[in-house]
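Data block below; observations after.
The values are calculated or read from the model by the stated rules, or taken from the named source; none is laboratory data. All of these numbers come straight from a predicted model, not from anything done at the bench. Ideal geometry is used to build each Cβ from the backbone, glycine not excepted, and the neighbour counts take in all protein chains shown. Each accessible area value is taken on the protein alone, full model and side chains, heavy atoms only, with ligands, DNA and RNA left out. Shrake-Rupley method; radii C 1.70, N 1.55, O 1.52, S 1.80 Å.
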Amino acid sequence: MSQTKQSMGPTAPSPHLRVSDIHKRFGGVHALKGVNFEVARGEVMALVGDNGAGKSTLMKVLAGAHTADEGQFFIDEEAVSVNSPHDASDLGIQIVYQDLALCENLDVAANLCLGAEPIKPGFSFLPRFLRPLDDLEMEVRAQEAIDRLQVKTLKSVRAKVGGLSGGQRQAIAIARAVGADGSVVMLDEPTAALGVAQTRQVLDVVKRLRDTNHAVVYISHNMRDIFEVADRICVLRHGANVATWNKNDVTPDQIVSAMTRGLDKEAQNAA
Amino acid sequence: MQPENKVSLVGRLQAMRETRFGAFVPVLLALAAIWIYFGLAVPLWEYWGDPDAQSMRFIFLSPRNIYNLFMQSAVIATLAVGITVVLLLGEIDLSAAATAGVCAALLGVLVLMGVPAPFACLIVMALGIVIGAAQGILVAYVGIPSFVVTLAGLLGFQGVMQKILPTGNLNVGDPFVRAFARVLLPDALGWALGILCVLYFAWTVLRKQSQRSARGLELDSPAATWGQIAFFGALVLATVATLNSYRSVPMLIVLLMVITALVGWVTTSTPYGRAIFSVGGNPESARRVGIDVKRIRVSAFAIVGLMAAIGGIFGASRFGSVSYTAFAGGSLLLESIGAAVIGGTSLFGGRGSVWNAILGALVIGSLGNGLDLSGAGAADKLMFSGAILLLAVAIDAVSRSGTTER
Ligand SMILES: Nc1ncnc2c1ncn2[C@@H]1O[C@H](COP(=O)(O)OP(=O)(O)OP(=O)(O)O)[C@@H](O)[C@H]1O
Ligand SMILES: [Mg+2]
């Protein structure tokens, strides 16, 4: 605990999004056991940990897809509550889920705008959920988002997602999170299905987000990618913090060891 | 190794089902096959087989029969439209016909008690919504599978209907109720309405195309654009011509079209409809973008309840009576689910359209009507309906993308 506090302390920029003491239980599984996490604007915070460490669960809690059993949320050090996906997106938190969360039966444009569809003007006499969709605007926005990501293999934004490749789907999920104007963008293993060239594009997107003063959370198992884009690296193990380091203060070997054995073990081994 | 042409056939089927009008093709083919068989092949067969016959008798394709066919299919279609909405969610409603029966029975009793008929209709529609929503709450909030909830509903409401109608039958003579099926539009008005619909359809399609080009979006091919308009125009005008040449366009059909257009618009062109499709496609994704999945489920069941009530009113109007066998106890339920599925709405959720349900209802109606005309018994009707339904579901399963290897 003190280890974590200390390493986040003096050198860290002031956080934009900060959560503390997050607990999440699934029945008997205690997936998050008092996790602290933070990310500042203009930085990329990498989140690493072994399979089942709780990375995705933490991201889902931050995105409002799961509600935390306990824990506090702060945006710019002001307490907020995130109990639903709406709360999170209202706070500017956007996410690329590990499983992408796309609807295969809908087309690319519909997926990109899902839950935040543009509406034709002039129907304010109807309740919002019954106003006509502006599907042309939807296509325009989708095309822009796709173009910005430079997904060249996607022929049409009217193609059904069910017919796309894994990489194309991942690109769409990324475009959805990046296209919505949020201040926090969290990417949960966004390059898992991507080739070398597309992975490079995603890393460039991540850097661009940082350069445009976004707070970026990047989850990956690829140490090389992490050491390329991350400013800080937060290690989770068994649903608890191990440590958070500045990238320059740590080596990939240390990270891997912290992920798999934690710090105490390492200390024991050294002794 | 699969033979190559087989792969490409499935592939083409899948690709076709993805397009907006492609989804109509299987049901239209089924309809065409049934109409050709009963309309042309059977008369031809009888003509050749009977040396005394003076000329061929086209009974099935006569305007009089087509008129009856439309009226027979109207109640099925009304329920099928509602059932389509829950099927889009990946749910099912087995209680729709029983709900329709309860509503119709209550309508009959209310008008008999002297409640003004328009008011009674509203009460009955409200009842339908309440019944549907209550089942929806059990599905969405309690978490009971819709199959079980609505199966219980089916049994329960069959009982309720028998309680309301101890004799199993009640005549409904109220002029307001009867008017839905009896009032006919004057021929000229029928034509005017039909032509207006076609013009409006053409206008929206062409305007969309010009807006697309103005915004630099990809365009539909002119063949597809004009094909859509020609197809829609031919369908509407042929219908009006046929109905006019027997009697006229019945009010019931116009109402059915208006309701279907409304439900169709809501399901395809509003955030609510988009939410229905996304819940049907991937409920977890829908939940994570902030869609209230439970509310969507409840509301869809409320819609099917409302449509069942309207179907009950239409049925009472057409038959001039409410009977147990015409609704809760008969084949109406399976016919309307069959209509929705034959129309191409997927039982797996997320894919389908209410307009296809109308065509599916016509398929079911045509099959029953044709078999009746050729003197087939109830047994043949059941077996044929089963075969057609199986075929439709098979097409659905095969064309569902992702189930076959690409
Ligand atoms: N919806 C759920 N229901 C029950 N248990 C869950 C659920 N989601 C996660 N868990 C459990 O919580 C723990 C953490 O899972 P999580 O998905 O957060 O791991 P992760 O760090 O993202 O792993 P990976 O690298 O494999 O993606 C696991 O033990 C998992 O089994
Ligand atoms: Mg994960």
**Message:** If you fit an axis through the alpha-carbon atoms of helix A:252-270 and take the longest principal axis of the Cα set of chain A, what angle between them do you get, 0 to 90°, nearest 10?
**Reply:** 30
**Prompt:** Which one of A:Ile255, B:Cys103, A:Gly162 has its Cα pushed farthest toward the positive end of the charge dipole of the protein assembly as shown, where Lys and Arg give +1 and Asp and Glu give -1 at the Cβ?
**Reply:** B:Cys103
**Item:** Cα convex hull of segment B:152-239, projected area averaged across orientations, nm²
**Value:** 11.2
**Asked** Accessible area of B:Asp174, 1.4 Å probe, to the nearest 10 Å²?
**Response** 40
**Prompt:** Cα axis of helix A:166-179 to longest principal axis of chain A: angle in degrees, 0 to 90, nearest 10?
**Reply:** 90
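How much mean residue ellipticity at 222 nm does chain A get from its helices, if each DSSP H run of length 4 or more adds -39500 (n - 2.57) and you divide by all residues, to the nearest 500 deg cm²/dmol? Spell out each step's value before the answer.
Working: 9 runs with 98 residues, N = 271.
Result for chain A: -11000 deg cm²/dmol, rounded to the nearest 500.
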**Prompt:** When chain B is modelled as a GNM with alpha-carbon springs shorter than 10 Å, which of B:Gly343, B:Gly281, B:Gly132 fluctuates the most?
**Reply:** B:Gly281
**Message:** Of the candidates B:Ile310, B:Ile388, B:Ile195, which one comes out as most mobile in a Gaussian network treatment of chain B with C-alpha springs shorter than 10 Å?
**Reply:** B:Ile195
**Request:** Using only atoms on other chains, find how many Cβ atoms lie within 10 Å of each Cβ of peptide B:218-225 and report the average.
**Result:** 1
**Message:** Using a 1.4 Å probe and counting only protein heavy atoms, how much accessible surface gets buried when B and A come together, both sides summed, in Å² to the nearest 100?
**Reply:** 2800
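Quick one: with all protein chains in place, what share of the accessible area of the protein assembly as shown is carbon or sulfur, to the nearest percent (1.4 Å probe)?
Working: 18610 of 30370 Å².
Roughly 61 percent of what the probe reaches on the protein assembly as shown is carbon or sulfur.
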**Request:** Count, for each residue of A:95-104, the Cβ atoms from other chains sitting within 10 Å of its Cβ, then give me the mean as a whole number.
**Result:** 4
**Fill in**
Counting all Cα-Cα pairs in chain A, those more than 31 Å apart amount in percent to 28
**Asked** How big is the charge dipole of segment B:255-406 about its Cα centre, in debye rounded to the nearest 20, if each Lys and Arg gets +1 on its Cβ and each Asp and Glu gets -1 on its Cβ?
**Response** 560
**Request:** Rank these residues by their accessible area, most exposed first, probe 1.4 Å: B:Trp48, B:Trp355.
**Result:** B:Trp48, B:Trp355
**Asked** Within segment B:51-112, which chymotrypsin sites (Phe, Trp or Tyr not before Pro) sit in a loop by DSSP and count at most 16 neighbouring Cβ atoms inside 10 Å?
**Response** B:Phe58
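What is the sum of charges around B:Arg318, taking Lys and Arg as +1, Asp and Glu as -1, for the other residues whose C-beta is under 10 Å from the C-beta of B:Arg318?
Working: positive: B:Arg178, B:Arg182; negative: none.
With Lys, Arg at +1 and Asp, Glu at -1, the net is +2.
Suppose accessible area is computed on protein heavy atoms with a 1.4 Å probe; arrange A:Phe227, B:Phe38, A:Phe123, B:Phe147 from highest to lowest. Intermediate results must be reported in sequence, preceding the final value.
Values: A:Phe227 45, B:Phe38 20, A:Phe123 70, B:Phe147 115 Å².
The ordering from most to least exposed comes out as B:Phe147, A:Phe123, A:Phe227, B:Phe38.
For the cross-link pairs A:Lys24/A:Lys247; A:Lys24/A:Lys55; A:Lys33/A:Lys207; A:Lys24/B:Lys294; A:Lys55/A:Lys247, which exceed 21 Å when the distance is taken from alpha carbon to alpha carbon?
A:Lys24/A:Lys247; A:Lys33/A:Lys207; A:Lys24/B:Lys294
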**Request:** Express in whole angstrom the spacing between the alpha-carbon centres of segment B:36-66 and segment B:346-395.
**Result:** 22
**Prompt:** In deg cm²/dmol, rounded to 500, what helix-only [θ] at 222 nm does chain B give when every DSSP H run of at least 4 residues adds -39500 (n - 2.57) and the total is split over its residues?
**Reply:** -24500 deg cm²/dmol
**Prompt:** List the lysines whose alpha-carbon lies under 23 Å from that of B:Lys208, not counting same-chain residues fewer than 8 positions away?
**Reply:** A:Lys120, A:Lys155, A:Lys160
**Asked** Under a point-charge model restricted to the Cβ atoms of Lys and Arg (+1) and Asp and Glu (-1), what is the dipole moment magnitude of segment A:46-138 relative to its Cα centre, in debye to the nearest 20?
**Response** 240
**Fill in**
Long-range share for segment B:38-91, i.e. C-alpha pairs more than 17 Å apart as a percent of all pairs, stands at 58
**Request:** Taking the Cα centre of segment A:131-271 as origin, work out the dipole magnitude from +1 charges on Lys and Arg Cβ and -1 charges on Asp and Glu Cβ, in debye rounded to 20.
**Result:** 320
**Prompt:** Residues of the protein assembly as shown: accessible area per residue at 1.4 Å, in Å²?
**Reply:** 45
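By Kyte-Doolittle mean hydropathy of at least -0.5 and Cα axial length of at least 20 Å, which whole DSSP H helices of chain B are selected?
On the way: long enough: B:4-18 (21 Å, -0.56); B:63-88 (35 Å, 1.35); B:96-112 (24 Å, 2.33); B:117-137 (30 Å, 2.09); B:146-164 (26 Å, 1.27); B:187-214 (40 Å, 0.53); B:222-246 (36 Å, 1.05); B:251-269 (26 Å, 2.23); B:293-319 (39 Å, 1.23); B:354-373 (28 Å, 1.31); B:378-399 (32 Å, 1.60).
Those that pass (Cα extent of 20 Å or more, hydropathy at least -0.5) are B:63-88, B:96-112, B:117-137, B:146-164, B:187-214, B:222-246, B:251-269, B:293-319, B:354-373, B:378-399.
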**Item:** Mean projection area, nm², convex hull over Cα of segment B:221-283
**Value:** 6.1
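Apply the a/c threshold of 1.5 to the C-alpha gyration tensor of chain B and tell me whether it is rounded, prolate or oblate.
On the way: a/c = 1.36, a/b = 1.05, b/c = 1.30.
It is rounded, given that a/c, with a ≥ b ≥ c, falls under 1.5.
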**Asked** Gaussian network model of chain B, Cα springs within a sub-10 Å range: biggest mean-square fluctuation belongs to which of B:Ile303, B:Ile313, B:Ile253?
**Response** B:Ile253
**Prompt:** Rounded if a/c is under 1.5, else prolate if a/b is larger than b/c, else oblate: which is segment B:26-133, with a ≥ b ≥ c the root eigenvalues of its Cα gyration tensor?
**Reply:** oblate
**Item:** Sorted largest first, extent of the protein assembly as shown alpha carbons per principal axis (Å)
**Value:** 108, 54, 53
**Request:** Starting from the Cα gyration tensor of segment B:174-297, take the square roots of the eigenvalues, sort them a ≥ b ≥ c, and report rounded, prolate or oblate (rounded when a/c is under 1.5, otherwise prolate if a/b is larger than b/c, else oblate).
**Result:** oblate
